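First up is the structure itself, then whatever we jot down about it.
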Amino acid sequence: MKNFFYLVALFFLIGCSPKAGIDPHLSVEEKIEIKEEFNSLFVGKWNIENNSDNSSKGIAQCYINSLEFTNEGKYILKVSDLNDPSKRPRFFNGVYLIIFDESDPTKIEVDKVFLMQENYNEEASLPEIGSVATFDSINISDQGDLSFNVSFGQQTSEFCNVGQKLSIDARKEEPIISDAPEDSNHFKIQKQWRLIRIDAQSSGNGDTSVISDPLCKLFEEEWESRCVETPENPTSEGCYPSNTVVITFTGYGTYLWTFYDVQGKPVHYEDGRWRWVEKSPQDYSQFEVDFDQSQEYNQTISIVELSDDNFVVEERQQETVNGVVFELIFKYGFQPASFNFTPSDCSI
């Protein structure tokens with residue numbers, strides 16, 4: 001792969017014909033710098049412009065809807081079923097690893113990218129394949145467009161055909177904000193946050209009442225939608241209730257809820273879009289969300305507190321019952337998903 005970044009680096013380092021006695025090899029510091037350039041290049045949301053099937057006839061099943069790499073070394077991969085468009089898309093997220101080819105001492109190239117599962121712990125030796133997916137034949141144009149081949153790994157076996165191979169063309173999307181201060185809420189919010197509490201109350205007709213156990217009610221509703229047997233959902237075998245949920249915000253206007261069951265397995269996903277409210281009381285203090293794929297931002301969320309280790313937001317809704325208008329006020333408390341946490345015992 002010929003790439004803009006390493007060509008620039010090499011031009012600077014050895015572009016002027018080296019004289020006798022000058023070592024053209026890249027130093028350790030130079031290698032680190034070039035690798036960091038590649039890492040920063042991958043970070044962002046990639047719009048998929050082509051999914052070409054390279055698999056044998058009858059093998060293809062999944063195609064990629066969207067792909068995003070975060071500054072935290074994580075990824076969000078959204079795939080759909082080619083054979084069943086009515087099936088809900090499946091999300092995979094976890095840790096990504098960039099594998100470099102350093103066989104030529106004068107340059108560094110990206111050889112492969114491995115998408116690993118969430119609980120992957122980096123070991124002394126690198127894996128041979130990605131447990132979720134493996135990217136190879138990677139090419140990055142001078143304009144920043146990305147093309148690669150992808151084969152799906154064992155962790156996708158419940159949804160995709162393992163070994164299925166696609167040829168992908170992608171172009172990076174622009175972030176929703178390009179000039180926010182580094183210490184602003186715009187960057188603080190871009191993290192994986194675990195929901196640890198919900199406070200809720202309803203007021204109307206002169207009365208105010210507290211809604212009991214709203215967090216457990218959230219898990220109960222999620223479990224019922226996924227596990228209760230109906231004609232549309234014919235089986236609930238091995239369907240454990242969820243007891244924790246994490247939301248990921250990215251700088252490209254996307255968010256993803258991930259529900260985990262009592263065994264720690266991701267079992268349900270809800271994605272959507274978000275954007276800052278321009279005329280909010282102060283910069284980056286309110287944001288709007290599109291949570292039902294309506295292509296309209298249909299709910300405003302106000303930030304109560306946002307720091308490196310605490311995130312609190314408030315949401316207000318109105319409902320009319322028998323001609324009486326009730327206002328529902330929800331306050332959601334989050335902490336970084338990396339923090340230790342004891343799930344709630346909701347006895348679902």
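Couple of notes before you dig in:
- Note, ³J(HN,Hα) from phi for the range 94-110, Karplus 6.51, -1.76, 1.60, rounded to Hz, x at Gly and Pro: x, 9, 10, 10, 9, 9, 9, 9, 10, 5, 8, x, 9, 7, 10, 10, 7
- Charge sum, other residues only, whose C-beta stays under 11 Å from SER347's C-beta, Lys/Arg counted +1 and Asp/Glu -1: -3
- The chain: angle of helix 4-14 to the longest principal axis, Cα-based, in degrees nearest 10: 40
- Percentage relative contact order, the chain, counting C-alpha pairs under 8 Å, at least six apart: 13
- Helix axis angle, 28-42 relative to the chain longest principal axis, alpha carbon, degrees: 40
- Dipole magnitude (debye, nearest 20) for the range 185-336, charges at Cβ of Lys, Arg, Asp, Glu: 500
- Look at the dipole of the chain built from charges on Cβ: of LEU218, SER147, SER86, the Cα furthest out on the positive end belongs to SER147.
- The residue list GLY238, VAL113, SER209 was ranked by how far each Cα lies along the charge dipole of the chain toward its positive end, using unit charges on Cβ atoms, and VAL113 comes out on top.
- Look at [x] 22.9; [y] 17.4; [z] 23.8: the one that is mean projected area of the Cα convex hull in nm² derived from this structure is [x].
- Full extension of the chain between HIS25 and ASP345 gives 109.4 nm of extra length, using 0.36 nm per residue less the Cα-Cα distance.
- Considering only LEU77, LEU328, LEU67, the Gaussian network model of the chain with Cα springs below 10 Å gives its largest mean-square fluctuation to LEU328.
- 3J(HN,Hα) from dihedral phi, the range 165-179, Karplus parametrisation 6.51/-1.76/1.60, rounded to Hz, x for glycine, proline: 10, 10, 9, 10, 10, 9, 10, 6, 7, 6, x, 6, 9, 10, 10
- Under 18 Å from LYS331, Cα to Cα: lysines that are on another chain or at least 8 residues apart: LYS217
- On Cα atoms only, tilt of 214-227 relative to the major axis of the chain in degrees: 70
- Summing Cβ point charges (Lys, Arg +1; Asp, Glu -1) relative to the Cα centre of the chain gives a dipole of roughly 500 debye.
- Taking every DSSP helix (H) stretch of at least 4 residues in the chain, weighting each as -39,500 (n - 2.57) and dividing the sum by the residue count yields a mean residue ellipticity at 222 nm of -4000 deg cm²/dmol.
- Placing unit charges on each Cβ (+1 for Lys and Arg, -1 for Asp and Glu) gives the chain a dipole about its Cα centre, and among VAL43, VAL313, LEU328 the Cα reaching farthest toward its positive end belongs to VAL43.
- 14 Å reach of a label modelled at ASN47, 7 Å along Cα-to-Cβ, counting backbone N of the range 61-81: 66-67
- Take the Cα of ASP142, go 7 Å toward its beta carbon, and none of the backbone nitrogen atoms of the range 87-127 fall under 15 Å from that spot.
A short reminder: the numbers here are calculations on the coordinates, not readings from a lab. Just so it is clear, the structure is predicted and the values come from calculations on it, not from any experiment. All Cβ positions, even for glycine, are placed from backbone atoms using ideal geometry, and neighbour counts span all protein chains on display.
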